[in-house]
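Report on the following structure.
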Amino acid sequence: MVAFEHVGSTALPGMSAVPTIDILAGVRELAEIDGRVVASLVAAGWEHRPDIEARISNRRFFNRPAGTRYRTIRTRNLGIVKFDPLQWRDPITFRDFLRRHEDTARRYPNLNLTLASRWYPNPSNYSAQKAEFVARVLTRAIAC
C-alpha cells in the first residue's frame with residue numbers, strides 16, 4: 001500500500017452523512033494485492049465485492065458489515081486502486097473541493113439524505129445516483 005485517504009461524506013467536517021466510512025487505498029499495482037491481501041481482508045471480516053469491481057474497472061472493492069448478524073448494513077467501504085492520476089485523484093479532488101466550497105458542500109448532504117431514504121435492491125445503485133453531481137463537481141474542481 002502506498003497511501004490511504006478518508007474520502008466520502010464522513011470526511012467532510014460538519015456534514016450530515018450516511019454512517020459509512022469510505023477509505024481509499026493506493027497501491028503500485030493491483031496485482032500485488034490479489035491473492036494473499038484479498039484473502040486476509042476477507043478473513044478479517046471484509047466482504048469482497050467483485051460485482052462492484054465489474055462496473056468500475058481497475059479497482060478492488062470491499063465492504064465491512066456491522067457484524068455477521070446484520071450483513072446488509074455496511075459501516076465501512078474500502079476501495080483499492082492503482083496510485084495513478086484518475087482513480088486516485090478524483091475522490092480526493094472531490095473531497096477537497098467540497099471542503100473549500102461551502103456552497104457546493106451544502107447541496108451534497110441533501111442529495112445524500114434524499115438518496116439514502118430510498119430502498120435500493122443493490123446498494124451500488126445509491127452511488128450511481130450521485131454520479132451526475134460528482135461529475136459536475138469534478139469538472140469545476142479540475143478547472144480551478
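The values are calculated or read from the model by the stated rules, or taken from the named source; none is laboratory data. Predicted, not measured: the structure shown is a model, and the values here were computed from it. FYI the Cβ positions are ideal-geometry reconstructions off the backbone, even for glycines, and counts take in every protein chain you see.
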Scope region 1-16; condition in contact with a strand residue (DSSP E or B) (Cβ under 6 Å, 6 or more places away or on another chain) and part of a loop (DSSP other than H, G, I, E, B); matching residues: M1, V2, G8
Determine which member of the set R64, R60, R55 is in contact (Cβ under 8 Å) with a residue 40 or more places away in the chain and either surrounded by 12 or more Cβ atoms within 10 Å (Cβ to Cβ) or closer than 29 Å to T114 by Cβ (or both). R55
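Matching residues to (1) among the β-branched types (V, I, T); (2) without any contact (Cβ under 8 Å) to a residue 24 or more places away in the chain; (3) more than 19 Å from M15 (Cα to Cα):
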| residue | (1), (2), (3) |
| --- | --- |
| L86 | no, yes, yes |
| R99 | no, no, no |
| A105 | no, no, no |
| T139 | yes, yes, yes |
Within region 119-142, track down each residue that is more than 20 Å from L86 (Cα to Cα) and exposed (fewer than 13 other Cβ atoms within 10 Å of the Cβ). W119, P121, N122, N125
Looking at (1) modelled with pLDDT of 90 or more; (2) under 12 Å from the mean Cα position of the chain (by Cα); (3) buried (at least 18 other Cβ atoms within 10 Å of the Cβ), which is the only condition I92 fails? (3)
When you scan region 103-116, do you find a residue that is of a type in the set (A, V, I, L, M, F, W, C), exposed (fewer than 11 other Cβ atoms within 10 Å of the Cβ) and either under 19 Å from the mean Cα position of the chain (by Cα) or modelled with pLDDT of 85 or more (or both), even just one? no
Total residues in region 31-52, condition crowded, with 17+ Cβ neighbours inside 10 Å and part of a helix (DSSP H, G or I): 2
